[in-house]
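Remarks on the structure that follows.
Here, each number is a calculation from the coordinates, and none is a lab measurement. Here the structure is a predicted model, which means the values were calculated and not measured. Glycine gets a Cβ as well: all are built from the backbone with ideal geometry, and neighbour counts include every protein chain shown.
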Amino acid sequence: MSFNLRGAVLANVSGNSQQELKATIVDAISSGEEKMLPGLGVLFEVIWQHADATEKQEMLSTLENGLKKG
């Protein structure tokens, strides 16, 4: 039996407002639960796929800087 995590996450947040998406992200991060990480990965995948080259470079710079501080 195969579970489509990507599809489940996308179905769960499809049609959500920006406020609802933010609440989902904040809740997932603040809970600190490992089981939330794959869902955040799916959301990041959507962001990455819809970002232009400049936005991708900004994300990479933010990530790099965050990892230096972490």
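To the nearest 20 debye, what charge dipole does region 5-69 have about its Cα centre, counting +1 at the Cβ of each Lys and Arg and -1 at the Cβ of each Asp and Glu?
Numbers: 6 positive and 9 negative charges, 21 e Å.
So the magnitude is around 100 debye.
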* Structure fact -> The answer for the chain, counting only DSSP H helices whose Cα atoms cover 15 angstrom or more along the axis and whose Kyte-Doolittle average is 0.0 or greater, is 18-31, 37-49
* Asked: In the chain, what GluC sites (Glu not before Pro) fall in a loop by DSSP, with at most 15 other Cβ atoms inside 10 Å?
  -> Glu33
* Structure fact -> Here the equivalent ellipsoid of the chain, derived from its Cα gyration tensor, has semi-axes (largest first, whole Å) of 22, 16, 13
